[in-house]
Amino acid sequence: MNWVVHSTVPYPMLKEQGTPRMLSDAGVGPEIYLSGATLDTITPAEAENVAETLRDAGIRSLSFHAPFEDVWPGARDEGMRRFAVSRLAGAIALAPVFHPAGIVLHGGYFDWLFDFQPEKWFAPARRSFGELAEAAERREPTCSWKTCSTRFRTTCSGSGRRWALPASTSASTPGTRRSSPACRSTSGRRRSGMGYG
């Protein structure tokens, strides 16, 4: 089996001469971090150029890391929730250009922010990720929610617990609570990279 290691690379670094070739020579697929500042300034022509440079360098596998700073998909404040959806949708909108193997989306759950009650986070987060899945399907009509389930799985961590929101959960699934299969504790190693979890 051929394995590819994906390592976080902030998008601006990919524009530096030599970076794509260095990654390719090392056998590393970039996990392209798309910050809010990047999404505010990137142009379609620039994105096409960078994607072409990566392909020309021999990079055949890459992934995205969507913005996570100040992005709260489970926000109880509807305006902040809509902002999070908009920001995350900006990263998803670049998928047809780069063809990532997956997109990392942080759920923004922290026990202390939600009074140690994950269900306060879960309902708005489920709505947000449902909206994002619909947006992704519209952008890539050959990719259904079911067939691309691994692309849109999110794991939320806080206070040593990790909760997974399976890709099969839709915004319209009624009555889902923390104890149900739709929100279950998972084990696994924390991601390494830029120091976020």
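Bear in mind that the values in this text are calculations on the coordinates, not laboratory data. Quick caveat: nothing in here was measured; it's all calculated off a predicted structure. Please note: Cβ atoms are built from the backbone with ideal geometry, for glycine as well, and neighbour counts cover all protein chains shown.
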Considering only residues that are under 16 Å from Gly102 (Cα atoms) and of a type in the set (S, T, N, Q), look in segment 1-38 and name the one that is surrounded by the fewest Cβ atoms within 10 Å (Cβ to Cβ).
-> Ser7
From the set of residues in segment 62-82 that are over 14 Å from Pro10 (Cβ atoms), among the small types (Gly, Ala, Ser) and crowded, with 18+ Cβ neighbours inside 10 Å, which is farthest from the chain's Cα centre (by Cα)?
-> Ala75
Test: His6 is at positive phi and under 19 Å from the mean Cα position of the chain (by Cα) = no
Looking at segment 1-113, what helices (runs of 4 or more DSSP H) fall wholly within it and have at least 1 residues that are of a type in the set (Lys, Arg) and touching a residue at least 12 places away in the same chain (Cβ under 8 Å)?
-> 19-26, 78-92
